[in-house]
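Here is the structure we will look at.
The values are calculated or read from the model by the stated rules, or taken from the named source; none is laboratory data. Since the model is a prediction, treat every value here as computed from it, not as a measurement. In this analysis, Cβ positions are derived from the backbone assuming ideal geometry, glycine residues included, and neighbour counts consider all displayed protein chains. Note: accessible area is taken over every heavy atom of the protein model, side chains too, but ligands, DNA and RNA are not part of it. Shrake-Rupley method; radii C 1.70, N 1.55, O 1.52, S 1.80 Å.
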Amino acid sequence: MKKTLVAVVVVIILLAAAGGVVWWYMQRDPADTAEAFLERVAAKDYDGLEGLFTADEHPSADELKRAFSEFGEAFGLTEITVGDLTPISKNSREAVFTFTLTYASRDFEPLSMESSLTVQRQHIFDAWKVKWQDNLPLHEYGLRASYSRLRLDPSRGRILDRTGQILAGEGSRVTIGVQPDRISAPEWLFGALETELGLSPEYVRRQYEAPGVQGHWFVPLITVTEEEFQRVDPALRPIPGVFFRRVEARAYPEAATAGHITGYLGEVTQEMIDAYPEREYLSGETAGRAGLENSRDDVLRGRPGYRFYVEPEGGSPVLLGEKKVQDGADLTLTIDRRLQELAYSVLGERTGALVVLNAETGAILVLASTPSYDPNEFIGGISASRWQQLSSDPKRPLFNRALQGLYPPGSVFKAVTVSAALNEGLYEPSSTFTDRGELAVQGNIIRNFQRQVFGEHTLHDALVRSINTTVAQVGLDLGAPKLEEYFKRFKLDQAWQLGLPTSGGQIGTPGRSRVALAWSAIGQDQVLLTPLHMAQIFSVFASGGHVPPIHIVEGEAAAVESEPILAPETVEMINNMLRDVVLEGTGTQAQVGGLTVFGKTGTAEIVGGGSHAWFAGHTELPSGEKISLALLVEEGGVGGQSAAPLVRQFLDGLAR
């Protein structure tokens, strides 16, 4: 009896255990498998997917990887998210769910797709597996579809002057080439191409005899500007076999006149691609490489658009998404094209610079630096020999003297020293001095230009007649801390953020000795300024004592500071002096009929001998616009003799 009871108990236990096992397998949720599958899709874990499929036909990990990779690259895929998993039906061997996958893109609107997912098992003791339904990455197209994207390039914005005249914009170039089977006079052809364009006969023959070239093809040899084409066209057009093709290209109508401002385009570098991923540069495309073309490239180039296509197996491409092209914006400058041309013609073959500002707003109207370069040469790529010629030229045509060149300001800087002393109440214009032709400072002798002796005179006379000894003494009385303070008040240490390479002015360390201070007060020693800073000084005298916010792009000016750096009476006193500089002092050659010109000449000594010639000043035009300007002639000698006449020529042309 006992044995029977024990046997019954054992059987019951075994049946309960077996039932428990069956119950456990029956309770395994197929949703767990479905979720695991979709989570691995979202994580792009394709190797982990293979173990989740049923024995039915299904893709390999490599096939899944290829399909999703092609889809992701074309779509700009950044993230996959799984939506709600909803059961539709379920029994012991099969469960069906609906799900949503949302694909996020860096280029297109998110793409959501809804589909179904079936999980199966043969026996209740088997694990649930996914039955492949060929509905990924997209439900309608499956694994065998192919994906692609079409890039739509934007139009580049123009660079305009303040009147809307084009400084950089749409243009064209001409490709000169040959058709091999039309060449009937090769010696004529070779001779003309070498004479007119510098192309060697060996180069020309190598191009059209290259392997694979067919006789009816157009074989390009060189691409030239429209101006160059007009020059060579009469010589080349009659030659049998020569043909021309016109192509759209960036053009710079002002050529060298505005080359330092516009800059030029060139092929993007790998460094640019890596540094600015948001700009979506492609290897081989062109972008700004110098000037405003470079610094404002992000604005000018716009953003490319894209079209996203799926091509079903055996079908035609279907457009699934589109990102509109964002064309580049025009960039309107404060530069006045007519004034820029005038300034460039006035400077001519001289090495120098001319800067003109709207004295009240700080807008740069003219930024001329000579010699310059023609940015049209860079379109289509510049030859290595020409680049070497430009970059090694001792006159440095690629260097923007107006913004980058640091020069001793010479006597022009006396206007800063004297205005500081007047503003501090140290002197009046009528304060008297006695000049004996030289000033001894700690054993160092400061002399007047050409050893002139002026005797008894006023501070007004000292600036008008540019008396070194007196202004040096004024600097000594003012002191180094105050001289440095006013240097900063005038913002002469500032390198303005213009989108062009710009240098900040330097005053050095005038406090290291009285000798250094005396020479600094008259614009020598370690004092260095750009032509822009020199024009900036005189904008203060023209605008009632304010330093205007210097800018070159319309709409980018900062607010004018409410507090002037000089008292109104100081401005009036200094302007009386500057007016007389031109009427009766060292700047008489800057007089212009119909204009009242305020200015100061400068003859800045150069270490090693020679001197730079300066004239800087301000005036009000007949239109009512107040301008300040600075003109430099490198190694030009005496400012009143070299620079002042050029200013008169410029202002005379301006007034007319």
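Computed over the Cα atoms of segment 262-360, the ratio of the radius of gyration to the Kirkwood radius (Rg/Rh) comes to 1.21. Relative contact order for segment 404-545: 33 percent, from Cα pairs under 8 Å spaced at least 6 residues apart, divided by residue count. In this rough spin-label picture, where each label sits 7 Å from Cα along the Cβ direction, the Asp62-Arg396 distance is 6.1 nm.
May I ask for the angle, rounded to the nearest 10°, between helix 568-584 and the longest principal axis of the chain, with both axes built from Cα atoms and the value confined to 0 to 90°? Result, in degrees: 60. Computed from the Cβ-Cβ distance with R0 of 60 Å, the FRET efficiency linking Glu109 to Glu605 stands at 0.35.
For the residue pairs Lys131/Lys324; Lys44/Lys131; Lys129/Lys323; Lys414/Lys626, the alpha carbons lie more than 30 Å apart in Lys131/Lys324; Lys129/Lys323.
Please report, as a whole percent, how much of the solvent-accessible surface of the chain comes from carbon and sulfur atoms (probe radius 1.4 Å). Summing carbon and sulfur atoms, their accessible area is 49 percent of the total for the chain.
Report, in whole Å, the centroid distance computed from the Cα atoms of segment 582-656 and segment 462-522. Their Cα centres are 20 Å away from one another.
The Cα center of segment 226-297 and the Cα center of segment 150-223 differ in position by 13 Å.
The alpha carbons of the chain give a radius of gyration and a Dmax of 38.9, 148 Å, in that order. Each helix, a run of at least 4 DSSP H residues, gives -39500 (n - 2.57); summed and divided by the residues of the chain, these come to -10000 deg cm²/dmol at 222 nm.
Looking at segment 374-530, the accessible area is 42 square angstrom per residue; that uses a 1.4 Å probe and ignores ligands, DNA and RNA.
Report the relative contact order of the chain, percent, no decimals, based on alpha-carbon pairs under 8 angstrom and at least 6 residues apart. The partial results should precede the final answer.
Working: 1380 pairs, mean separation 68.8, N = 656.
After rounding, I find 10 percent.
Against the chain, whose longest principal axis comes from its Cα atoms, helix 30-42 is set at around 30 degrees. Sorted from greatest to least, the principal axis extents spanned by the alpha carbons of segment 318-469 come out as 91, 38, 31 Å. Projecting each Cα onto the charge dipole of the chain (Lys/Arg +1, Asp/Glu -1 at the beta carbon, about the Cα centre), which of Val213, Thr596, Val581 comes out farthest on the positive side? Ranked along the dipole, the leading option is Val581.
Coordinate range of the alpha-carbon atoms in segment 146-211 per principal axis, descending: 50, 50, 18 Å. Once the 1.4 Å probe is applied to the protein heavy atoms, segment 152-265 comes out at 50 Å² accessible per residue.
Taking the Cα centre as origin and putting +1 on Lys and Arg beta-carbons and -1 on Asp and Glu beta-carbons, what dipole magnitude results for the chain, to the nearest 20 debye?
Roughly 540 debye for the chain.
With the convex hull constructed from alpha-carbon coordinates only, segment 609-656 shows a mean projected area of 3.1 nm² over all directions. Converting the Cα gyration tensor eigenvalues of segment 106-257 into ellipsoid dimensions via √(5λ) gives semi-axes, longest first, of 59, 28, 10 Å.
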